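Read the structure below first, then the notes.
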Amino acid sequence: MHRFNEADAGAAEEALLACCGSHRWALRLTAHRPYPDIESLLAAASEASYDLRPADLAEALADESWMPQPLLGMRAPGSQAAHTALRAAHAAYEARFGHVFVVCLDGVDPEEMLDTVLSSIRTRLANDPDEERLISADELRRIALTRLEHLVATHSEAGAH
C-alpha cells in the first residue's frame, strides 16, 4: 500500500490503467491517495466504477480488447469444437454490442471456465444493449477490483524484499 500511495501520480495512474482502462477512473483513484488500507482503496475503486460515464465505460471496454491475452476461456481445457464455439460466440457478441465480452471468472474452477464463459456469452447475447451495458460495467468493475488487489499485493511483496 505504501508504494502505491507514495508513487508519483503518473506511475500510479499507469498502474491503475492496467486494472481498468478508464483514464477518469485511474485519475480519480490517483487523486484521492493516500489510502489507509487495501479495503479503502477497493471501496474507492468500486465507487469510481459505478460513476463511469458511458464514454468512460467504452474507453475501458476498448482497452480490454487490447489486452495481450487469449479470448476468455480459450486457455481452459476443452474440446476443439468447444473452443470453436467459443470463438464464434465472442465474434457474435462483439458484432451485437460493439465491444469485447467481459466476465469476471474469480472462483471459477479452470475446468469449468470454458463452459462458464460460453454459457455467459450465450445468455448475455439475449440482452438489450442498455441491460448489457450495465452487466458489462459490473463485470468490468469486478475484474478491476481483482486486478487492483493483485497489483497492491504484488507491489507490497516486492517492497518487502
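The values are calculated or read from the model by the stated rules, or taken from the named source; none is laboratory data. Quantities reported herein were computed from a predicted structural model and do not represent experimental measurements. All Cβ positions, even for glycine, are placed from backbone atoms using ideal geometry, and neighbour counts span all protein chains on display. Protein only, heavy atoms only, side chains kept; ligands, DNA and RNA dropped before computing areas. Shrake-Rupley method; radii C 1.70, N 1.55, O 1.52, S 1.80 Å.
Considering every residue within the range 41-52, establish whether at least one is among the polar types (S, T, N, Q), within 14 Å of Ala144 (Cα to Cα), assigned to a helix (DSSP H, G or I) and open to solvent by less than 40 Å² (accessible area, probe 1.4 Å). Checked the range 41-52: at least one residue is among the polar types (S, T, N, Q), within 14 Å of Ala144 (Cα to Cα), assigned to a helix (DSSP H, G or I) and open to solvent by less than 40 Å² (accessible area, probe 1.4 Å).
Screening Val103 against (1) among the β-branched types (Val, Ile, Thr); (2) within 28 Å of Leu41 (Cβ to Cβ); (3) in contact with a Gly (Cβ under 6 Å, 6 or more places away or on another chain) leaves a single unmet condition, (3).
Kindly indicate whether Glu94 is open to solvent by 30 Å² or more (accessible area, probe 1.4 Å), part of a helix (DSSP H, G or I) and over 23 Å from Ala18 (Cβ atoms). Criteria not met by Glu94. Close contacts from the range 62-90, counting a first residue that is surrounded by fewer than 18 Cβ atoms within 10 Å (Cβ to Cβ) and of a type in the set (A, V, I, L, M, F, W, C) and a second that is assigned to a helix (DSSP H, G or I) and at pLDDT 55 or above, with Cβ to Cβ under 6 Å and a gap of 6+ residues or different chains, come to Leu71/His90; Ala82/Leu114.
Taken over the range 1-39, the criterion of being surrounded by fewer than 17 Cβ atoms within 10 Å (Cβ to Cβ), in contact with a Pro (Cβ under 9 Å, 6 or more places away or on another chain) and closer than 15 Å to Glu149 by Cα is satisfied by His2, Asn5. Only residues that are surrounded by 18 or more Cβ atoms within 10 Å (Cβ to Cβ) and outside any loop (DSSP other than H, G, I, E, B) were counted in the range 98-123, giving 6.
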